[in-house]
1. Against the definition (in contact with a Phe, Trp or Tyr (Cβ under 8 Å, 6 or more places away or on another chain), at pLDDT below 85, not charged (D, E, K, R) and not in a loop (DSSP other than H, G, I, E, B)), how does Leu372 come out, yes or no?
2. If I ask for residues that are of a type outside the set (A, V, I, L, M) and at pLDDT below 80, which ones from the range 110-122 would you list?
3. Scan the range 169-185 for residues that are free of Cβ contacts under 8 Å to residues at least 12 places away in the same chain and open to solvent by 70 Å² or more (accessible area, probe 1.4 Å) and jot them down.
4. Kindly provide the set of residues from the range 269-319 that are open to solvent by less than 50 Å² (accessible area, probe 1.4 Å), assigned to a helix (DSSP H, G or I), within 20 Å of Val371 (Cα to Cα) and among the charged types (D, E, K, R), ordered by number.
5. Could you list, in sequence order, all residues of the range 171-202 that are part of a loop (DSSP other than H, G, I, E, B) and under 19 Å from Leu219 (Cβ atoms)?
6. Can you name the number of the only condition in (1) open to solvent by 30 Å² or more (accessible area, probe 1.4 Å); (2) modelled with pLDDT of 90 or more; (3) assigned to a helix (DSSP H, G or I) that Glu330 fails?
7. Ala213 - would you say it is in contact with a Leu (Cβ under 6 Å, 6 or more places away or on another chain) and under 26 Å from Glu226 (Cβ atoms)?
8. Quick check on Glu94: is it charged (D, E, K, R), loosely packed, with under 13 Cβ neighbours inside 10 Å, modelled with pLDDT of 80 or more and not in a loop (DSSP other than H, G, I, E, B)?
Amino acid sequence: MRLWRGLGPRILVAAAVMGLLGTLGASYQAFLAGGTLAIRISSRTFSEAILREHGEACRSSPEGWSFRMPDGVVLEAFDVAGTSGRRPSPELLERMREGEEQPVTFYFPLFDRSAVWGGATLFRVGEGGPCSLIECRWPLFNERYREGRWMFLAAVLSSSLMAALCTLVVIAPLLRRFRRLHQAAGGIGGTAYASAGDEAPDELGELSRVLDATHGRVLADAARIEAQKHALERHLADVAHDLKTPIASLQLALELASAAPSEAVPELLVQGLEDTVYLTALVENLRLACQLGEGVDPLAGEPRVELGQTLERVVRRLGLLARRRELSLEAARPDEDVWVRCNPTMMEQAIVNLVHNALTHGNKEGHVVIVLEPEGAERFRLTVLDDGPGLSPAELEHLGERSFRSADARRRDPRGSGLGVAIVRELCRRVGFGLTFSANEPHGLKVVIEGARAEPPAEALVLPRTPGDRG
């Protein structure tokens, strides 16, 4: 509609001019038709009047009869049977034989100055005899045809001028705009893109702006895809690096165990066990990182997880590792169930990451404690404490960032790339939990996860507990 409002006035003017020319042409045709009817009536009436006066002379002349009026109009009589050998205009006679009662023809000598007559008509006045057909011919009216010639030329020139004006004013600008839009559409997403620059407040201007916005989105998507490609390449490099060290260590431990004295085998098996635990955690973290990267929602389907039972499973999974590293692993949970909204597998892996991180960097004969506390009926707090070397305030600010590892962590264990803690931070962000890192006095690290509790699912089972369930 805006395009019509912009071009409508010009199109209406051009249409009005063309309509005026068409009206003139139709009027001219109507004039010819009216003139033809008038000629048929007047020439027949006039000719019959002449015949009443000169009919005897016409019938008495075997060669036919003709009569010329002072203004040059000629009446000529013919035998309808053609016995006299003279015939009227072949064109008019043929049309009469085809059934036309009184044919009329006009001659338009606009460009043919050799024309003699201006027009002629033929009509029947009897069934036979030398005066049965009358042809009425009238001479050229030079002034009239001169005026008609100039009128015709003026109409042609006016039509040509208006067509050219319409092309310049309406069609040519439209073609230029369409050409620019076509070039812009063909260059979308390329370095050679040139905006159509059409700021008109109509549909074509809006299309130009849409093409510009589309070009911007294509460039942004291309940049994002390129960034994702580089991120994937870095991720695969990290995975290869993270897997290389524990696999090589496990292979070495097995090779040494196969040839070592029996008293050295247990120590080698402990080393192999640690590498196996690390590989298991790494694979789980990679799977979880891929799920989060692909946009898997940890809250999809309104999931529920009971944190107390989850802590018990984590302690059982990592208890052997803690004993092998000469660390104590303890967990404290309330008597009541603490339900939260989160994917159970993801939540358990997040807690495993925090505990595994504490065990990996803890000192021998140290302690790792997990405490689950309800804060009223609506909140919970999960705390993981260790008495390891801890982190400096500057390092605490970056803990949880992808690929961040403290200098002491790299010295103690060259494996890893900080993926585990980064997953914990991303999961807490997705489900709306708070995550804080702080120093555990006098030394060590304190990690706190807190958030809202949820109603237990309708199908939740209440399992009996034993005194040892609380760790």
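The values are calculated or read from the model by the stated rules, or taken from the named source; none is laboratory data. This structure is a prediction, so every number in the text was calculated from the model and none was measured. Here the Cβ positions follow ideal geometry from the backbone for every residue, glycine too, while neighbour counts run over all protein chains shown. For accessibility, only protein heavy atoms count, side chains too; no ligands or nucleic acids. Shrake-Rupley method; radii C 1.70, N 1.55, O 1.52, S 1.80 Å.
1. Details: in contact with a Phe, Trp or Tyr (Cβ under 8 Å, 6 or more places away or on another chain): yes; at pLDDT below 85: no; not charged (D, E, K, R): yes; not in a loop (DSSP other than H, G, I, E, B): yes.
No.
2. Within the range 110-122, the subset of a type outside the set (A, V, I, L, M) is 111-114, 117-119, 121.
Selection gives Phe111, Asp112, Arg113, Ser114, Trp117, Gly118.
3. Keep residues of the range 169-185 that are free of Cβ contacts under 8 Å to residues at least 12 places away in the same chain, which gives 171-173, 175-176, 179, 182.
Residues satisfying the conditions are Ile171, Leu175, Arg176, Arg179, His182.
4. Within the range 269-319, the first condition is being open to solvent by less than 50 Å² (accessible area, probe 1.4 Å), and the residues that meet it are 270, 272, 274-275, 277-279, 281-282, 285-286, 288-289, 292, 298-299, 303, 305-308, 310-312, 314-315, 318-319.
Right, trim to assigned to a helix (DSSP H, G or I) and you get 270, 272, 274-275, 277-279, 281-282, 285-286, 288-289, 292, 307-308, 310-312, 314-315, 318-319.
This time we only want the ones that are within 20 Å of Val371 (Cα to Cα), so: 307-308, 310-312, 314-315, 318-319.
Of everything in the range 269-319, just one residue is open to solvent by less than 50 Å² (accessible area, probe 1.4 Å), assigned to a helix (DSSP H, G or I), within 20 Å of Val371 (Cα to Cα) and among the charged types (D, E, K, R), namely Glu312.
5. Of the residues in the range 171-202, the ones part of a loop (DSSP other than H, G, I, E, B) are 187-202.
Within the range 171-202, Gly187, Ile188, Gly189, Gly190, Thr191, Ala192, Tyr193, Ala194, Ser195, Ala196, Gly197 qualify.
6. (3)
7. Working: in contact with a Leu (Cβ under 6 Å, 6 or more places away or on another chain): no; under 26 Å from Glu226 (Cβ atoms): yes.
Against the criterion (in contact with a Leu (Cβ under 6 Å, 6 or more places away or on another chain) and under 26 Å from Glu226 (Cβ atoms)), Ala213 does not qualify.
8. Working: charged (D, E, K, R): yes; loosely packed, with under 13 Cβ neighbours inside 10 Å: yes; modelled with pLDDT of 80 or more: yes; not in a loop (DSSP other than H, G, I, E, B): yes.
The answer is yes for Glu94.
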